[in-house]
1. Would you mind telling me which numbered condition in (1) modelled with pLDDT of 80 or more; (2) of a type in the set (Gly, Ala, Ser); (3) in contact with a helix residue (DSSP H, G or I) (Cβ under 7 Å, 6 or more places away or on another chain) residue 61 fails?
2. Please indicate, with yes or no, whether at least one residue in region 67-81 is in a helix (DSSP H, G or I), modelled with pLDDT under 80 and loosely packed, with under 10 Cβ neighbours inside 10 Å.
3. Exactly one condition in (1) under 17 Å from the mean Cα position of the chain (by Cα); (2) modelled with pLDDT of 65 or more; (3) outside any helix (DSSP H, G or I) is not met by residue 26; state its number.
4. Pull out all pairs, ordered by first then second residue, where Cβ-Cβ is under 9 Å, the residues are six or more apart or on different chains, the first lies in region 1-24 and is β-branched (Val, Ile, Thr), and the second is modelled with pLDDT under 85 and outside any loop (DSSP other than H, G, I, E, B).
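The values are calculated or read from the model by the stated rules, or taken from the named source; none is laboratory data. Everything numeric in this text was worked out from a predicted model, so none of it was measured. Note: ideal-geometry Cβ built from the backbone for every residue, glycine included; neighbour counts use all protein chains shown.
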Amino acid sequence: MATRVDNTMVEWLQKMNKNIAEGKTLPDADMPFLIGLENMILERLKKPVDDMRAQGVLPPAQPGIPPGGGAMSMPNMAGAGDELRRVLQPAAGPQ
């Protein structure tokens, strides 16, 4: 199998994070240890974005909004909560 020469540390850290997620599902998983590793990796992956925010290149993060805005910020998901509520409510037919 050929190995790419341009692999980056970010790619490697993303693979490590996937491995940690798999490790959390093992019956003998040491959760505090795995969570600590995961947090260190996530902090390192966020560093370039945090640095750009500190330099004023990106706007500051808004509290309560996950990075990327989360699924509910996507235009096609905006009314998903209302639609789900409508589908789950009992039919209001003639009584």
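1. (1)
2. yes
3. Single failed check for residue 26: (1).
4. 10/48
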